[in-house]
Every structure is written in C-alpha cells, then in structure tokens.
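I have placed the structure first, in the form of structure tokens, so that the comments after it can refer back to it.
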C-alpha cells in the first residue's frame, strides 16, 4: 500500500511542479516547453511502476515498465530482425512504391480534367474505407513474406497520397500561371518550376499521413500470416503465450519506429519547403 | 449529373479492369479444371504450368478461359460472383435460409448482417466513448495551460505511432480478467478514435481569432460564456472533420479487434475466409465493411450539414 500512496504523492507533486512551470514566468522558454511533457511522461511511467508493484498486478495483465525495458534490451537480438522484416522491408518498401505511384498517377490525373473529376471522389471515398481488410486477400496472393505486407501498404497509402498531391498541384494562382505563360513556359516547365514546388506542402502532408498508415498496414497484415519474424508476428505469438513484457517491448519498438519515421519526413519537409509560411519561424 | 459522369466512368473502368485481371489471376486453376474435363492444355500437367508466366499461359490457352469468371474459390473472384455472394449472405440467408430471421426469428450466424451488426455495435460504442472522452480532454487542454503543455505533445506524438498494434493484447488481457464480448473491441475502437478527436477539437476550440476573443472581453463575458457562445460553436466544423476520421478509425479498430478471438464479426469472417480459401466470402465481407464505413462517414457528413445549416453557416 505504501507504494500506491507513493504513486499518488508522485502524481500530485509532479502535476503541481508542471503547473508551476507552465504558469510561471519561464513558460515560453524552449527548454521548459520540452521539459513539461517529458516530466509528465516520466510521471506516468513512475506511477505505473509503483501501482503495478504496490497492488501486485499479475504480469500477465500489466507488466511494470522496468520489466518491459528489461525485455526490450534482453531480446534485442530477436527484435532487430523483426524490425528489419516489418519496417525496412514491408513498410518502407510499400511506402516508396505506393507514394511514388500515387505521385505519378496524380500528375496524370491533374493533366486530364475528366480523370480528376472522376478519380478524386473515388479516391476520397477509398481513403475512408477500412483498407486494412484487403490484408487477407493480399497475403493470399503474395505469400507470407514481406511482399504481401508491402502490397497492403501500397494500397493503404496510395489514395491519401493521391488526393493530397492532386489538391497540391491545383494550388497555384491564376496570376502565377499567367506569368509562366508570358515566359512561354511549356507544360513540363510549368510543372517542375511552379506547380510541383507549390504542391510540396500538400505532398508532404500526404507523405506524413502515409508514414503511420504504412506501419499500421505492415503490422496488421502480419496478423493474417507471416514468416516467423516481424513485429506483428511477435505481438500475436507473444500474446498467445501471455508474454506481455515482450508485447510491450514490441510496441515500444513500433512507437519509436513510427515517431522516427514521421520525424524524418517532417525534417525533410522543413528542408524542402523552408519558404512556406507554416515553416517560417 | 455533370459531376456524376466522370465518377461513373472511373467506377466502370475499375470494374472492367477487375474482370480483365481475373483472367490471368485465375488461369492456373481454370486450366487445371479444363484439363480434368478433357481439354488439351498447353503445357500439360498442373506441375509443369506452375512456374510458367500467367500471361503466357493466357495467350497459349486462349480457348479454355471460359471458366475464369465462374470458378469457385477463385484467387480473384469476378465482381458478379462477389455480388452474388453478398446477396446470398445477406438477403437470401435471412429471408429464405433455414437459420434466417424470417424462419427462426433471429439473425443467421452465417449472414453478413449478423456479423456486420456485431462489428457495428462495437464500433458505435467505442466511437461514442472515444470521441466523448476526446472532447472532454480537448476542453481541459484549452482551459488549463498545465494540461496543454503536459498532454498535448503526447497526443500529437500518438498520431505517429501504430497504436492498433495494442489491439490483440487488449483483447487477451481483458479476456483474462473476465471481460469479453463487445467491450474489449469497443475499447480498441475508443482509443483509435480518441486521439484524432482530441487534436481536431483543440484546434477547433482555439480557432476564434484575437479579434473575436477581444470582443467578448469588451462585453465582459465570463470564461464559461466565452466557451459556450464562441469557442464551442467555432469548433463544430473541426469537430465533424475529426469525427469522420474517428469513426473510420473506430471501424478498423473493431475489425482488427475481432481477429484474435473468433466470436463473430466482420474481422472474424475475413480471417475465416482467408483460412479456408473462401475468397468470395472474404471479398463479400470486405465490400460489406467498406459499405458500412461509407454509410457511417456519410451519416456524420449528413449530421454535419444539418448542424451547420441550423447554426447559420452558409454552405
């Protein structure tokens, strides 16, 4: 019981400290802005640890964070091939193919107004559907290995990427296009020098949405069948044996991967669309 | 009408492509069946054909493709086969089937309506819990700077991680403490719809600009008054935009939540279809899920339209 009281005390103390930081006079400092969420995250983990230990929650229901960290480092040799299988092969392969083909399709769709008026509503419709459901079909077609996961990812990222890119390619003003015409610019020159750069914020928006979808697709597709490695496979088998510390370790890997992937695309966006108002400091 | 033409053309093109694709996709099984029926197929024997390119097989056996669109358990069933299965497992099963609602008084456990209603129940309950909590947290975030600075970065980060990976564990853990049925799936649906609603709602509650908040200050409006009269109405368009994302995510959550425990639902139906090679059943379940998602999103769009018109927002 002492541990539970300690947990409550830690929670109140940390919340009060955060309140003091957030409402104090240093609240606009970058370091404070970073510190407050980190303190909150650390508090959640400490409270979790104390409550699980204090109430003696069985590890098959909720393992304490210390056990999860132990499982993460202890099974690094298992988790690394899982990560390579799911992220480097399945998710990343599908991401590149899906986003690339959506980009090319978008240029085609943009060129013909008929296609734009026909494909865009269909694309918007498809973007809202539970496309994860195609996973069992694609696993049946492309086998258990990473190719089927990449195929699921392609289908999942294609439509959000298409819709965003087409919207972006239309985001130039009549004035800008007229200027290009007075320069005697050809279609391709206008495309590469004006409309493509102008579309970049939209394209990156699509790319960022697609990062999460890619990981979801690759992991969920593994629930429908996979070789004996991969993050989704590890989750479903570890759940089967009630090795929840391992499941949480895999989720830590997936979370770190997702955040890093998103962060990498966001970094690229900052480098390439530095001129856009939303990126200016 | 002018807008409908291109859409119909695209849909027709997709269906045509589907039919064309069914020929090379099913060629192996079609030729095996034709050979059994006595036709001369080139090259002979299923083993010899296994590693031959599908398109080459189509070209060399152009006379024996008649079964491509009527194979049972085809790799890619033709659209009309899927539609037939869809009809058979909804209307037919319920109205004329032995287990159907007309003859037995309860939904047949082989019909998509039964499985769909299981999934729909979990989706709706989860969506209501998730979006409700999401709105509450957003209100808290907007009014408490401590909460804003502590929680908001985590809500944003959570959008970048595949939280659906938690689904199998939640099902099994809740099962082991005695909670089963609709609730575990609803929990998954709830947390999948929770974060998009939080992020969208915070954006919406913050959307009134300085001019508007200043005006309320000159009226000496209290904080609750500013909330009810300015912030909440201003957030409605943002709320609906994120509710649409939220309900689609809820449905995915419910379907994924049905994978580990095979107790009915569209997810269980899909997994069953993939285990037993019942591709028509699989496609029918997929189309049913897609139709359900479309209807749910459309429903929220309809409520959005009504609400915005009542609020006087010109559309």
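The values are calculated or read from the model by the stated rules, or taken from the named source; none is laboratory data. Keep in mind it's a predicted model, so treat the numbers as computed, not measured. As a convention, Cβ positions derive from the backbone with ideal geometry for all residues, glycine included, and neighbour counts pool all protein chains shown.
With the condition kept exactly as written, say whether any residue in the range A:21-30 is within 30 Å of residue A:204 (Cα to Cα), modelled with pLDDT under 85 and assigned to a helix (DSSP H, G or I).
Yes, the conditions are met somewhere in the range A:21-30.
Residue B:52 versus (1) in a helix (DSSP H, G or I); (2) surrounded by fewer than 18 Cβ atoms within 10 Å (Cβ to Cβ): which is the lone unmet condition?
Condition not satisfied by residue B:52: (1).
Condition test on residue B:240, is it touching a residue at least 40 places away in the same chain (Cβ under 8 Å), closer than 18 Å to residue A:125 by Cβ, more than 12 Å from chain A (Cβ to nearest Cβ) and surrounded by fewer than 21 Cβ atoms within 10 Å (Cβ to Cβ)?
Judged against the criteria, residue B:240 is a match.
Quick check: anything in the range A:221-228 facing another protein chain (nearest Cβ under 8 Å), buried (at least 22 other Cβ atoms within 10 Å of the Cβ) and part of a loop (DSSP other than H, G, I, E, B)?
yes
Which residue is farthest from the other protein chains (Cβ to nearest Cβ), if the candidates are limited to the range A:229-281 and must be more than 27 Å from residue A:197 (Cβ to Cβ) and assigned to a loop (DSSP other than H, G, I, E, B)?
A:229
Taking the criterion of being within 14 Å of chain A (Cβ to nearest Cβ) and under 25 Å from residue B:271 (Cβ atoms), would at least one residue in the range B:149-161 satisfy it?
The answer is yes; a qualifying residue exists.
Just to be sure I understand, how many residues within the range B:264-281 are free of Cβ contacts under 8 Å to residues at least 60 places away in the same chain and more than 14 Å from the chain's Cα centre (by Cα)?
6
Suppose the filter is assigned to a helix (DSSP H, G or I), touching a helix residue (DSSP H, G or I) at 6+ places or on another chain (Cβ under 7 Å) and either crowded, with 20+ Cβ neighbours inside 10 Å or not assigned by TED's automatic domain parsing to the domain that holds residue A:227 (or both); does residue A:122 pass it?
No: the conditions fail for residue A:122.
Please go through the range B:112-134 and give me each residue that is buried (at least 23 other Cβ atoms within 10 Å of the Cβ) and within 29 Å of residue B:202 (Cβ to Cβ), ordered by number.
The answer is B:122, B:123, B:126, B:127, B:130, B:131, B:134.
Looking only at the range B:270-295, which residues are closer than 19 Å to residue B:182 by Cβ, modelled with pLDDT under 85 and either in contact with a helix residue (DSSP H, G or I) (Cβ under 6 Å, 6 or more places away or on another chain) or not in a helix (DSSP H, G or I) (or both)?
Of everything in the range B:270-295, just one residue is closer than 19 Å to residue B:182 by Cβ, modelled with pLDDT under 85 and either in contact with a helix residue (DSSP H, G or I) (Cβ under 6 Å, 6 or more places away or on another chain) or not in a helix (DSSP H, G or I) (or both), namely B:270.
Any residue at all in the range B:127-142 that's within 23 Å of the chain's Cα centre (by Cα), within 23 Å of residue A:215 (Cα to Cα) and either in contact (Cβ under 8 Å) with a residue 40 or more places away in the chain or assigned to a helix (DSSP H, G or I) (or both)?
Checked the range B:127-142: at least one residue is within 23 Å of the chain's Cα centre (by Cα), within 23 Å of residue A:215 (Cα to Cα) and either in contact (Cβ under 8 Å) with a residue 40 or more places away in the chain or assigned to a helix (DSSP H, G or I) (or both).
Yes/no per residue for (1) exposed (fewer than 14 other Cβ atoms within 10 Å of the Cβ); (2) modelled with pLDDT under 85:
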{"position": "A:144", "(1), (2)": "no, yes"}
{"position": "A:154", "(1), (2)": "no, no"}
{"position": "A:161", "(1), (2)": "no, no"}
{"position": "A:169", "(1), (2)": "no, no"}
{"position": "A:186", "(1), (2)": "yes, no"}
{"position": "A:190", "(1), (2)": "no, no"}
{"position": "A:211", "(1), (2)": "no, no"}
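Being out of contact with any helix residue (DSSP H, G or I) (no Cβ under 9 Å at 6 or more places or on another chain) and in the same structural domain as residue A:130 (by TED's automatic domain parsing) is the requirement here; does residue A:188 meet it?
Yes: the conditions hold for residue A:188.
Quick check, is residue B:303 touching a helix residue (DSSP H, G or I) at 6+ places or on another chain (Cβ under 8 Å), under 30 Å from residue B:162 (Cα atoms), in contact (Cβ under 8 Å) with a residue 60 or more places away in the chain and surrounded by 22 or more Cβ atoms within 10 Å (Cβ to Cβ)?
Spelling it out, it is not the case that residue B:303 is touching a helix residue (DSSP H, G or I) at 6+ places or on another chain (Cβ under 8 Å), under 30 Å from residue B:162 (Cα atoms), in contact (Cβ under 8 Å) with a residue 60 or more places away in the chain and surrounded by 22 or more Cβ atoms within 10 Å (Cβ to Cβ).
Quick grid of which residues meet (1) over 33 Å from the mean Cα position of the chain (by Cα); (2) buried (at least 16 other Cβ atoms within 10 Å of the Cβ); (3) part of a helix (DSSP H, G or I):
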| site | (1), (2), (3) |
| --- | --- |
| B:175 | no, no, yes |
| B:183 | no, no, yes |
| B:193 | no, yes, yes |
| B:196 | no, yes, yes |
| B:202 | no, yes, yes |
| B:214 | yes, no, yes |
| B:255 | no, yes, yes |
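May I ask you to say which residue of A:132, A:52, A:152, A:109 is within 14 Å of chain B (Cβ to nearest Cβ), part of a helix (DSSP H, G or I), more than 24 Å from the chain's Cα centre (by Cα) and under 24 Å from residue A:247 (Cα atoms)?
Going through A:132, A:52, A:152, A:109 in turn, the sole match is A:52.
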